[in-house]
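Notes follow the structure.
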Amino acid sequence: MHTSSSRRGRGRRTAITAVAFIATGTALLTGCGDDDASGDDGAAGGETITLRIGTFGSFGYDNTTGAKLYAEYEKAHPNIKIEESNVADGQKYWDTLKLRLSRDSGLADIQALEVGYIAEATGTAMADKWTDLGKTGGADVGAFLDWKVKQATTGDGKVIGLGTDIGPMAICYNKDLFAKAKLPTDRAEVAKLWAGDWAKFIQTGETYKKSAPEGTSFHDSASGLFNAVISSQPVQYANTKGELDYANSPGVKKAWDTAVSAAKGGLTAKLRQFDEKGTWNAAFKNAKFATVACPSWMTGIIKEQAGPENQGKWDIAAPPVAGNWGGSFLAVPKSGKHAKEAAELAAWLTAPAQHAKVFGVNGNIPSSKDTLASSAVQDAKLPYFGDTPVGKIYSEAAAGITPAPISRWDGQVKTFLTDNGILDIEQRGTDPVKAWDNVKKLVDDKIDQ
């Protein structure tokens, strides 16, 4: 998670992953400068086929910092060449993808979908735009968590997305900053500080603030805190019928009030997660904040952005309340010239064996049942986090996930609440009542239910 913004990861909640968002200078979707990015690369006669993958974060497949899955697949399939295009901002990614779907033009052969938008992708207006991956590509749909499959299934039973990861929640914290602020550094003791209640997390922030090292803040982002809290709530943006009902949601109220409390209390570094300028990324490297809400995919971002000089300084503690932030899928646009080959690649990338490889490198918690239960995950540690039992922490959190109902507008509403509501309170001092009214106006203006 991405996600960003969803992820950025985003991220939204329920199903996870978002998958780490790494800001790059690449085009928003594969082939942005080319009206037909999935142009025919010569499938006939044994010529090379280029399969293009559009993502919004670090899915852990790449040959540089990931599990080198593209190189592995290309070696086994000499006629296939894989190109990935990646961006930081999940909302911009989705907006561009929607536009291209409406035109059947400029699409990648495989497009990543974040969980906040999966209900819209499976809805009647878009359902026919996707290849049925339950019938094409050879994926073992039964290998995935049942709720993950259900999220990507259309009303008439087509599976339009194969699960990548899920986003069980934790809190990552900087041990050096905690020690300097006279807080415990042992992960079990840290978890006790806020166990069971997000209000205790805010109280810990107040304690940190009293002895905070100069130039540091307790938490990175009020918007990130909002996403963490909402991910732990049984009722989020939608009611039990899957209809958008954010204004009456106790989960949204809890997340909003907690994030506003952190922002107004000066507990955050006032950063926008996954910002395109890279300010948030740089703050990891410069140790500007002591905690970050940490769905499993965030561990990959910390490793990437905090860098080798901060290895061993970060640890992971249980969150106040368990939750699931993020979660993504790989989907194949039906209009692509190589939809069959793309479906086969998507099935391979999301198979249990590859889930395990990505987890081993990036920490993304897999959405396949057997991999989640395997010793490869259960006993795993990530070198960057030292002896932290990362696999145990996140697999235990994953076992408690009960996904909330999703509406087709969840991703969009999340963006309005965080980027247009909470960020205004945090960075510009906007009155929370006015900020909430601004969000409601945006929803009324932009979303036609």
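The values are calculated or read from the model by the stated rules, or taken from the named source; none is laboratory data. Fair warning: this is a prediction, and the values are worked out from it, not measured in the lab. Here the Cβ is made from the backbone with ideal geometry for all residues, glycine too, and neighbour counts use every protein chain on show. These area figures cover heavy atoms from the full protein model, side chains too; ligands, DNA and RNA do not enter into them. Shrake-Rupley method; radii C 1.70, N 1.55, O 1.52, S 1.80 Å.
So the values come out like this:
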item: The stretch 196-215, residues that are more than 15 Å from residue 265 (Cβ to Cβ) and over 24 Å from the mean Cα position of the chain (by Cα); result: 211, 213, 214, 215
item: Output for the stretch 416-447, where each listed residue is touching a helix residue (DSSP H, G or I) at 6+ places or on another chain (Cβ under 9 Å), farther than 17 Å from residue 261 by Cα, open to solvent by 60 Å² or more (accessible area, probe 1.4 Å) and at pLDDT 95 or above; result: 440
item: Any hit, the stretch 130-149, residues being open to solvent by 20 Å² or more (accessible area, probe 1.4 Å), within 18 Å of residue 53 (Cα to Cα), assigned to a helix (DSSP H, G or I) and at pLDDT 95 or above; result: no
item: Failed item, numbered, when residue 121 is tested on (1) modelled with pLDDT under 95; (2) within 20 Å of residue 297 (Cβ to Cβ); (3) not β-branched (Val, Ile, Thr); result: (1)
item: Test: residue 381 is more than 16 Å from the chain's Cα centre (by Cα), surrounded by fewer than 18 Cβ atoms within 10 Å (Cβ to Cβ) and farther than 30 Å from residue 214 by Cβ; result: yes
item: Residue 372, sole failed condition from (1) more than 17 Å from the chain's Cα centre (by Cα); (2) in a loop (DSSP other than H, G, I, E, B); result: (2)
item: Test: residue in the stretch 406-417 that is under 24 Å from residue 189 (Cα atoms) and aliphatic (A, V, I, L, M); result: no
item: Members of the stretch 354-375 found to be among the aliphatic types (A, V, I, L, M), out of contact with any Leu (no Cβ under 8 Å at 6 or more places or on another chain) and open to solvent by less than 60 Å² (accessible area, probe 1.4 Å), listed by number; result: 356, 361
item: Flag for residue 240 being at pLDDT below 95 and either open to solvent by less than 20 Å² (accessible area, probe 1.4 Å) or hydroxyl-bearing (Ser, Thr, Tyr) (or both); result: yes
item: Given (1) within 19 Å of the chain's Cα centre (by Cα); (2) open to solvent by 10 Å² or more (accessible area, probe 1.4 Å); (3) over 22 Å from residue 171 (Cβ atoms); (4) among the hydroxyl-bearing types (Ser, Thr, Tyr), index of the condition residue 402 fails; result: (3)
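Yes/no per residue for (1) in a helix (DSSP H, G or I); (2) out of contact with any His (no Cβ under 6 Å at 6 or more places or on another chain); (3) farther than 27 Å from residue 434 by Cα:
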residue: 190; (1), (2), (3): yes, yes, yes
residue: 201; (1), (2), (3): yes, yes, no
residue: 204; (1), (2), (3): yes, yes, yes
residue: 208; (1), (2), (3): yes, yes, yes
residue: 233; (1), (2), (3): no, yes, no
residue: 242; (1), (2), (3): no, yes, yes
residue: 257; (1), (2), (3): yes, yes, no
residue: 277; (1), (2), (3): no, yes, yes
residue: 281; (1), (2), (3): yes, yes, yes
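Quick grid of which residues meet (1) out of contact with any strand residue (DSSP E or B) (no Cβ under 6 Å at 6 or more places or on another chain); (2) at positive phi; (3) open to solvent by 20 Å² or more (accessible area, probe 1.4 Å); (4) at pLDDT below 95:
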| position | (1), (2), (3), (4) |
| --- | --- |
| 215 | yes, yes, yes, no |
| 219 | no, no, no, no |
| 232 | yes, no, no, yes |
| 252 | yes, no, no, no |
| 258 | yes, no, no, no |
| 263 | yes, no, no, no |
| 276 | yes, no, yes, yes |
